[in-house]
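> I have a structure I would like to understand better, so I am pasting it below and will then ask my questions one at a time.
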2 protein chains.
Amino acid sequence: MSIETHETRVKILDAALHLLQSDNPGATRMADIARQAGISRQAVYLHYKTRAELLIAATLHLDHISNTEQRLEASRSANTGLERLDRYIDAWGNYIPVIYPVATALMAMQKTDTAAASAWNDRMQAMRHGCAAAVKALSDDKQLTPHYTNRQATDLLWTLLSVSNWEQLTLLCKWSQKTYISHIKSVARNTLVV
Amino acid sequence: MSIETHETRVKILDAALHLLQSDNPGATRMADIARQAGISRQAVYLHYKTRAELLIAATLHLDHISNTEQRLEASRSANTGLERLDRYIDAWGNYIPVIYPVATALMAMQKTDTAAASAWNDRMQAMRHGCAAAVKALSDDKQLTPHYTNRQATDLLWTLLSVSNWEQLTLLCKWSQKTYISHIKSVARNTLVV
DNA sequence: AGTTTCTATTGACATGACGTCAAGTAAAAC
DNA sequence: GTTTTACTTGACGTCATGTCAATAGAAACT
């Protein structure tokens with residue numbers, strides 16, 4: 001029985017996600033989350049000692065209810081390096097909009113809160129492993145450009161697929177999600193594939 | 001006589017930049033800036049009504065003392081589109097480390113402070129104009145790939161050259177500034193040039 | 001049934017940062 | 001010699017996080 005199955009905890013996490021996904025995510029305070037969850041502000045602290053801890057739990061909860069593992073399964077079962085690259089971009093690129101609200105909140109705390117910083121860092125390192133696997137698959141297929149080392153190619157793909165880039169291209173440049181995915185795929189190919 | 005030539009204002013802005021460039025930039029409070037400038041905390045507010053206003057003034061001050069205009073002059077005087085692209089990446093890419101500390105502070109305020117958000121947005125739009133000019137120069141030379149519209153090519157270059165990407169590649173991936181510049185140039189070429 | 005434990009409640013309080021206000025001072029400008 | 005300007009000190013208001021103490025009800029154990 002995971003810690004997140006406790007009824008009140010689920011209520012808290014759902015409330016937090018709901019508010020972070022609303023029109024004014026920046027104004028999501030502990031008191032708002034408590035009110036939304038239907039409990040007292042102090043009760044939230046009985047379950048999560050700090051705001052950072054709550055937000056971290058919210059991302060894990062979101063992973064859980066969004067079948068993150070399943071999304072990434074498709075890329076792992078690809079037959080060629082190129083296919084793996086495309087599928088990874090599909091999986092991760094389409095997951096970004098889902099985690100974006102809570103990711104933003106967590107990233108905003110990075111400067112002040114080391115727990116939040118390392119939690120977000122862990123997630124990004126996990127994502128980087130997916131990039132490294134795609135690069136390795138390309139390399140095994142002799143499809144990786146010799147222009148960069150495997151390490152550098154991974155760094156580039158990792159950076160290309162960053163949340164910030166998604167934010168800039170879709171929210172600021174008004175690209176549709178579909179355009180984002182297809183163009184990122186083409187940039188990745190042009191950058192990494194011979 | 002510009003507003004930044006006032007002796008005390010210069011002291012305040014220099015103090016702010018000094019602290020933001022120190023080992024713990026996140027902990028730069030108004031009181032710290034005042035102490036560093038050698039004046040009382042309240043005196044800072046005589047010159048800058050809010051923290052956001054101070055940070056915005058600090059970026060302009062930094063532009064001023066870093067000869068930003070001169071840096072960008074080189075790219076404008078290029079003869080070919082390719083040359084212009086390379087020189088623009090040199091100019092902006094090497095300016096990022098200079099503005100990074102204050103940029104980080106300003107970006108961190110974006111969520112809560114609309115003045116900070118729009119100030120940073122203005123700067124980024126100005127940078128985007130440089131990208132658009134480079135893309136147009138490529139297009140005029142028939143060197144721009146037909147894969148994207150001019151607008152989309154500008155969006156991509158703009159995103160590629162973002163502060164976040166610089167941060168990720170140099171600070172997280174430990175690329176040297178030199179590697180960053182040369183690899184970004186190669187990605188830009190592979191992405192945008194026929 | 002009685003006691004302990006768990007969860008939650010209310011209300012008060014500490015902390016830290018931004019920003020404001022009022023009263024006073026010292027030097028420059030008129 | 002008076003006014004203006006820039007600054008000082010010290011107190012105060014606000015807002016959000018996080019803490020603490022006293023209380024209450026319900027489930028769980030003996």
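> Given the structure, is A:LEU60 outside the structural domain of A:HIS129 (by TED's automatic domain parsing), within 21 Å of the chain's Cα centre (by Cα) and within 16 Å of DNA strand D (Cβ to nearest atom)?
So A:LEU60 does not fit the description; no.
> Only one of (1) touching a residue at least 12 places away in the same chain (Cβ under 8 Å); (2) polar (S, T, N, Q); (3) closer than 30 Å to A:VAL135 by Cα is not met by A:GLN36, so which one is it?
Just one mismatch for A:GLN36, condition (3).
> Would you pick out the residues in segment B:20-53 that are within 14 Å of chain A (Cβ to nearest Cβ), among the aliphatic types (A, V, I, L, M) and more than 11 Å from DNA strand C (Cβ to nearest atom)?
Across segment B:20-53, the qualifying residue is only B:LEU20.
> Further question: Contact list please: Cβ distance under 6 Å, first residue in segment A:103-130 and within 19 Å of A:LEU161 (Cα to Cα), second residue β-branched (Val, Ile, Thr) and crowded, with 16+ Cβ neighbours inside 10 Å, pairs at least six apart or on different chains.
Within 6 Å, the pairs are A:ALA103/A:VAL163; A:ALA119/A:ILE56.
> So, one more: Taking the residues in segment A:138-166 that are assigned to a helix (DSSP H, G or I) and without any contact (Cβ under 8 Å) to a residue 24 or more places away in the chain as candidates, determine which candidate is farthest from A:GLY81 (Cα to Cα).
Per the criteria, the residue is A:SER164.
> Now a separate question. Return the residue satisfying two criteria in turn: it lies in segment B:147-162 and is out of contact with any Cys (no Cβ under 8 Å at 6 or more places or on another chain) and more than 9 Å from chain A (Cβ to nearest Cβ), and of such residues it is surrounded by the most Cβ atoms within 10 Å (Cβ to Cβ).
Per the stated criteria, the residue is B:ALA153.
> What's the number of the condition B:ALA58 fails, among (1) closer than 19 Å to B:VAL10 by Cβ; (2) at pLDDT below 95?
Single failed check for B:ALA58: (2).
> Another one. Out of everything in segment A:38-51 that is more than 6 Å from DNA strand D (Cβ to nearest atom) and surrounded by 17 or more Cβ atoms within 10 Å (Cβ to Cβ), what residue ends up being farthest from A:ALA115 (Cα to Cα)?
Taking the candidates together, the pick is A:ILE39.
> Out of curiosity, is A:LEU144 closer than 21 Å to A:THR68 by Cβ and crowded, with 18+ Cβ neighbours inside 10 Å?
no
> Condition test on A:VAL193, is it over 22 Å from A:LEU54 (Cβ atoms), among the hydrophobic types (A, V, I, L, M, F, W, C) and surrounded by fewer than 18 Cβ atoms within 10 Å (Cβ to Cβ)?
Yes: the conditions hold for A:VAL193.
> For the structure I just gave you, tell me whether B:VAL135 is buried (at least 19 other Cβ atoms within 10 Å of the Cβ) and either at pLDDT below 95 or of a type in the set (A, V, I, L, M, F, W, C) (or both).
Here the answer is yes, as B:VAL135 does meet what is asked.
> Going through segment B:167-191 one residue at a time, which ones are in contact (Cβ under 8 Å) with a residue 24 or more places away in the chain, more than 9 Å from chain A (Cβ to nearest Cβ) and closer than 11 Å to B:ILE89 by Cβ?
Answer for segment B:167-191, where residues must be in contact (Cβ under 8 Å) with a residue 24 or more places away in the chain, more than 9 Å from chain A (Cβ to nearest Cβ) and closer than 11 Å to B:ILE89 by Cβ: B:TYR180, B:ILE181, B:ILE184, B:LYS185, B:ALA188, B:ARG189.
> From the list B:ASP122, B:ASP86, exactly one residue is buried (at least 16 other Cβ atoms within 10 Å of the Cβ) and either within 10 Å of chain A (Cβ to nearest Cβ) or of a type outside the set (A, V, I, L, M) (or both). Which is it?
B:ASP86
> Sort through B:THR8, B:THR28, B:THR59, B:THR80 and tell me the only one that's among the hydroxyl-bearing types (Ser, Thr, Tyr) and within 30 Å of B:LYS142 (Cα to Cα).
Of B:THR8, B:THR28, B:THR59, B:THR80, the one residue that is among the hydroxyl-bearing types (Ser, Thr, Tyr) and within 30 Å of B:LYS142 (Cα to Cα) is B:THR80.
> Same structure, new question: Does segment B:4-12 contain at least one residue that is more than 14 Å from every other protein chain (Cβ to nearest Cβ), in a loop (DSSP other than H, G, I, E, B), within 16 Å of DNA strand C (Cβ to nearest atom) and surrounded by fewer than 17 Cβ atoms within 10 Å (Cβ to Cβ)?
yes
> Within the bounds of segment B:126-139, is there any residue that is more than 10 Å from chain A (Cβ to nearest Cβ) and touching a strand residue (DSSP E or B) at 6+ places or on another chain (Cβ under 6 Å)?
Checked against the condition, which is being more than 10 Å from chain A (Cβ to nearest Cβ) and touching a strand residue (DSSP E or B) at 6+ places or on another chain (Cβ under 6 Å), segment B:126-139 yields at least one hit.
> Separate question: Applying the selection to segment B:41-81, what residues are in contact (Cβ under 8 Å) with a residue 40 or more places away in the chain, in a helix (DSSP H, G or I) and hydrophobic (A, V, I, L, M, F, W, C)?
Across segment B:41-81, the qualifying residues are B:ALA52, B:LEU54, B:LEU55, B:ILE56, B:ALA57, B:ALA58, B:LEU60, B:LEU62, B:LEU72.
> Moving on to the next point. Just to verify a result, which residue in segment A:108-119, among those that are surrounded by fewer than 19 Cβ atoms within 10 Å (Cβ to Cβ) and part of a helix (DSSP H, G or I), is nearest to DNA strand C (Cβ to nearest atom)?
Residue satisfying both the conditions and the ranking: A:THR114.
> Tell me yes or no: at least one residue of segment A:145-158 is under 13 Å from the mean Cα position of the chain (by Cα) and β-branched (Val, Ile, Thr).
No, that holds for no residue.
The values are calculated or read from the model by the stated rules, or taken from the named source; none is laboratory data. Everything numeric in this text was worked out from a predicted model, so none of it was measured. No Cβ is skipped: glycine too gets one built from the backbone with ideal geometry, and neighbour counts run over all protein chains shown.
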